[in-house]
Amino acid sequence: MNIPHIPLRLFHGSALPDLTSLKIAFAQNNTPLGPGVYLTEDLLVAGCYPYRKGKIYEVEVRGNRSYVINLDEPFKKQTFEARSSIVKLLHLAKCEISFKDTLDARDIIEMTISKFTKKERNLHLAQLGIWMIFGTLRAMETSGLSDRGIQYVILEDAAIISVKPYIKQVAPTEV
């Protein structure tokens, strides 16, 4: 399974100029993968959000790699802990499927949408130990440059180790 090396250094763009922390409680509900702190590896994507006075922030996240779900990978390629959390989520939603090994984790998780809002689903995943989900957005969920690449969604505040303004590193030849 393709889980990134932890800790991760990612980026977050915000219209707010002086963030010192990011909290799940302030996350928007109408986001493609549900509420959480959205991060990216791509500075161009993060740069879509600061608007006039905002900033790009460098965010370090850390957690147990076993409790991460790669939404683009099949259920059978998830870690044991991630698979267990997904199965428990299905039981909470009273959803039973027998062919989960052939589906991507995202397809299985989305089967709970008739029982849970995205917010409730992400809260349940966090309660089951999942601190991060990640994957690419589907064509119907994207709105352009701001949604390209892998979206990392943090579901647990404790996973966010540091938030600081991003300072572009300038090569000596650029000075």
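Points to keep in mind about this one:
- Taking region 1-70 as the region of interest, none of the strands (runs of 3 or more DSSP E) fully inside it holds 2 or more residues being surrounded by fewer than 13 Cβ atoms within 10 Å (Cβ to Cβ).
- Some residue of region 74-94 being in a loop (DSSP other than H, G, I, E, B), without any contact (Cβ under 8 Å) to a residue 60 or more places away in the chain and in contact with a strand residue (DSSP E or B) (Cβ under 8 Å, 6 or more places away or on another chain): no
Coordinate-derived values only; no laboratory data. What you see is a predicted model, and the numbers here were worked out from it, not measured in a lab. Quick reminder, even Gly has a Cβ in these numbers, built from the backbone with ideal geometry, and neighbours come from all protein chains shown.
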